[in-house]
Amino acid sequence: AASVAMTSKITVWHDRPGLRLAISEIATMQCCYSSTNEHLTIKWMKHVMISHNTTDSSLVDDQLNRVEIKNANKIINTKELKCSNLILDDIVVNDTALYQCALTEKNTNNTPIYTPGTFLQVYEPINMILGISETSKNSIITAEGVFLLLFVLLPGIALICKSKGLNELEKRKGREEENIYE
């Protein structure tokens with residue numbers, strides 16, 4: 001059920017469909033297959049979309065300092081698989097592409113069998129204007145709330161007290177005027 005394509009000799013297993021990482025991180029992609037043929041050549045291919053229906057395919061150069069390819073055996077559901085790991089160090093935006101393994105039999109001109117591949121998306125992280133923690137931000141917002149409350153309530157209470165005092169003064173004046181008439 002987990003196999004994607006099958007020939008008489010090679011069964012290709014599903015890859016991780018997508019990987020989204022920030023610039024400068026390490027990208028690790030894996031392709032796995034099972035085969036009765038021990039004489040297979042594994043090459044990693046990079047497919048970059050140029051326009052709507054045009055892609056540029058190139059061989060991943062493992063001679064670069066930041067590229068490493070490791071081959072290993074792995075057991076999944078009691079089946080022994082051969083896996084190839086592509087490790088890209090210090091990734092950049094131009095590394096965004098679909099990465100696939102191309103499996104070919106050695107010393108033949110057969111068409112390669114491709115794994116489904118992993119799409120690597122490299123993004124540039126948002127730079128924070130204030131590099132402070134969430135706890136500090138919450139403390140600042142709480143302090144702003146307290147100040148806002150004080151600056152709204154204190155003048156309001158002062159006005160209420162002042163108007164209450166003025167009302168009492170007017171009542172006294174009214175009583176004094178009544179006393180004068182008596």
| said: I'm checking my understanding of the structure. Among residues of region 68-100 that are more than 25 Å from the chain's Cα centre (by Cα) and aliphatic (A, V, I, L, M), which one is nearest to Tyr33 (Cα to Cα)? | reply: Leu81
| Members of region 13-29 that are under 14 Å from Tyr114 (Cα atoms) and buried (at least 18 other Cβ atoms within 10 Å of the Cβ) | Trp13, Asp15
| request: Considering every residue within region 16-33, establish whether at least one is free of Cβ contacts under 8 Å to residues at least 24 places away in the same chain and within 21 Å of Asn107 (Cα to Cα). | output: no
| task | Report, by residue number, each residue of region 105-121 that is closer than 13 Å to Ser34 by Cα and of a type in the set (S, T, N, Q). | result | Thr115
| task | Being under 26 Å from the mean Cα position of the chain (by Cα) and of a type in the set (Asp, Glu) is the filter here, so list the residues in region 41-61 that pass it. | result | Asp56
| task | Considering (1) more than 19 Å from the chain's Cα centre (by Cα); (2) surrounded by fewer than 19 Cβ atoms within 10 Å (Cβ to Cβ); (3) among the β-branched types (Val, Ile, Thr), say which one Thr115 fails and leave the rest. | result | (2)
| task | Within region 64-107, track down each residue that is exposed (fewer than 10 other Cβ atoms within 10 Å of the Cβ), free of Cβ contacts under 8 Å to residues at least 40 places away in the same chain and farther than 21 Å from Arg20 by Cβ. | result | Asn65, Asn71, Asn73, Ile75, Thr78
| field | Asn127 of a type in the set (S, T, N, Q) and surrounded by 10 or more Cβ atoms within 10 Å (Cβ to Cβ) | value | no
| Quick check, is Thr104 closer than 27 Å to His47 by Cα, among the polar types (S, T, N, Q) and not in a strand (DSSP E or B)? | no
| note | Of the candidates Asn110, Asn127, the one satisfying the condition of being assigned to a loop (DSSP other than H, G, I, E, B) and either in contact with a Ser or Thr (Cβ under 8 Å, 6 or more places away or on another chain) or in contact (Cβ under 8 Å) with a residue 24 or more places away in the chain (or both) is Asn110
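Give the residues of region 34-52 that are over 21 Å from Asn94 (Cβ atoms) and surrounded by fewer than 14 Cβ atoms within 10 Å (Cβ to Cβ), sorted by residue number.
Quick first cut of region 34-52, residues over 21 Å from Asn94 (Cβ atoms) only: 34-42.
Across region 34-52, the qualifying residues are Thr36, Asn37, Glu38, His39, Thr41.
Every read-out reported here was derived from the displayed coordinates using simple, explicitly stated rules and does not represent laboratory data. From a predicted model like this one, the values you see are computed outputs, not experimental measurements. Ideal geometry is used to build each Cβ from the backbone, glycine not excepted, and the neighbour counts take in all protein chains shown.
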